[in-house]
1. Mind checking which residues of the stretch 223-260 are in a loop (DSSP other than H, G, I, E, B) and either without any contact (Cβ under 8 Å) to a residue 24 or more places away in the chain or not assigned by TED's automatic domain parsing to the domain that holds Phe404 (or both)?
2. Could you grab me the full set of residues in the stretch 307-323 that are of a type outside the set (S, T, N, Q) and crowded, with 17+ Cβ neighbours inside 10 Å?
3. Being without any contact (Cβ under 8 Å) to a residue 60 or more places away in the chain and either in contact with an Asp or Glu (Cβ under 7 Å, 6 or more places away or on another chain) or assigned by TED's automatic domain parsing to the domain that holds Phe243 (or both) narrows it down to one of Lys373, Lys419, Lys336, Lys415, so name that one.
4. Suppose we keep only residues that are surrounded by 15 or more Cβ atoms within 10 Å (Cβ to Cβ) and aliphatic (A, V, I, L, M) within the stretch 139-156. Which one would you say is farthest from His322 (Cα to Cα)?
5. Suppose we filter the stretch 305-364 for residues that are of a type in the set (Gly, Ala, Ser) and assigned to a loop (DSSP other than H, G, I, E, B); how many remain?
6. Would you point out the residue of the stretch 283-300, among those that are of a type in the set (Gly, Ala, Ser) and not in a strand (DSSP E or B), that is surrounded by the most Cβ atoms within 10 Å (Cβ to Cβ)?
7. Listed residues Trp303, Trp254; which is surrounded by fewer than 24 Cβ atoms within 10 Å (Cβ to Cβ), out of contact with any Gly (no Cβ under 6 Å at 6 or more places or on another chain), under 20 Å from Leu381 (Cα atoms) and at pLDDT 95 or above?
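The values are calculated or read from the model by the stated rules, or taken from the named source; none is laboratory data. Bear in mind that the values here come from a model prediction, so they are computed numbers and not experimental data. Cβ coordinates were reconstructed from backbone atoms using ideal geometry, including for glycine residues, and neighbour counts include every protein chain displayed.
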Amino acid sequence: MMHSEMSRRRLLGLGVGLGAAATLTLAGCGGGDDKEPAAAGNGGKEYTGPKVELNLWNGFTGGDGDIFKKLVTQFNAEHANIAVAVATYRWEDYYAKLPGAVSSGNGPDIAVMHMDQLATYAARGVITELDDVAKALELTDADFAPTVWQGGLYRDKRYGIPLDMHPLGFYYNKTVMQSAGLDPNKPPMTKDDYTAALTELKKSGVQGFWVSPFQFTGGMTFYSLLHQWGGTLFDAEVAKATFNSDPAVEACTWLVDMIKQGHSPANVGQDADYLALKSGKNAFNWNGIWQINDLKKSADVQWGVAPLPQIGSKPAAWANSHNFTIVKQRSTDANKVAGAKVFINWLSQHSLDWAAGGQVPARKAVREDAGFKALTEVGSLAPELDYAAFPPAAPGIGEVLTTFYQSFNEAALGKKSPKQALDDGAAKATKQLEDNRKKYGN
């Protein structure tokens, strides 16, 4: 986990700084005939044509990668006329490599992509529309969490079929809690209870809630709190940054005060907050759902996981989602496209097996399955779907979110006051949004 897994999940979240990779001029990309010839498929229900070989790219380099490959192997065994070959890269390499590969005609047929990347790659002509898949399979937001389903849209056209969602969760060390006189089976879920628990932990000599200045995980914690306080990162048109609003400043101040009040060390190193939870040096850690499987391997750690506590006026949690996309080719092969749609539909229907990798399935029917309910820890975070705060569907949003996280970093490290850090960051982010509208033609 502390090697490949942590490297992998850094890019699970938001495409930090990777939007630029998709701004390459994709000469020849999407140059194929958009009016595809007839193929032996019907939008993903079935494929009866000649055998096709499909290349699929993904960034599942951790334990979830093994589960993903097993599912692909099962699909291939059940479909004699479709053969899917998997290529796995680190997410940061994957997003940097994809535009150039597509431009040169060496891109994959299918690509797994985070929700926040869909608009960028759709705007650059890297991926193709999938409205016919949704129509043929009669998929609507009723089959998914509405927020996840809507996240696959760009300019009212569908480019992604959601596979899962991965939110932040609230991890707690039961042993540390018990040592401080707290009930290890009742983690604090309100602002008052959270403050009271931290006070008791401090009395016992424990800094209970370490605040990381980095995106993973302090920045994502602030992202969640900002929405809990009723703030937003951007206005409705994603034309202006609003993460310096009064609610945002209040949320940031609350988190920075954790350091000032001695509940967290200053200048916490990358991942040190999570390692401290595992080693019993702190009690609480807001981290991604992907840590569940790592903790399940840690037999010496007594831990629990729950939805994020509600510190602000309403529940909210940072989240992102993996989506399947079909990549545009220089010359469209209608049979390959038809086969790719069958694979996407099949994997979506089999996402219960995928959930074992530490993801909440996007499909409602799978989440309601008894098999998913048996995945106690992962299932405990499924309610966050109702109030998950997903990134907006806007091209180039990755660089803008990097600015947001850098602003929090400056506040958490005490380089600037929360208000000054957020004011400066919002001004820069608004300029980036303006540049993106020019760059992507919005």
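1. Within the stretch 223-260, Gly231, Thr232, Asp235, Ala236, Glu237, Ser245 meet the criteria.
2. Listed by number, the residues that qualify are Pro307, Leu308, Pro309, Ile311, Gly312, Pro315, Ala316, Ala317, Trp318, Ala319, His322.
3. Going through Lys373, Lys419, Lys336, Lys415 in turn, the sole match is Lys415.
4. Initially, the stretch 139-156 is screened for residues surrounded by 15 or more Cβ atoms within 10 Å (Cβ to Cβ), giving 139, 143-145, 147-154.
Of the ones still in play, those that are also aliphatic (A, V, I, L, M) are 139, 145, 148, 153.
Details: Leu139: 17, Ala145: 13, Val148: 9, Leu153: 13 Å.
Here the residue is Leu139.
5. Counting residues in the stretch 305-364 that are of a type in the set (Gly, Ala, Ser) and assigned to a loop (DSSP other than H, G, I, E, B) gives 9.
6. If we filter the stretch 283-300 for residues that are of a type in the set (Gly, Ala, Ser), which is where we start, we get 283, 288, 298-299.
Then keep just the ones that are not in a strand (DSSP E or B); that gives 283, 298-299.
On the way: Ala283: 32, Ser298: 11, Ala299: 7.
Top of the filtered list is Ala283.
7. Every option except Trp303 fails the conditions.
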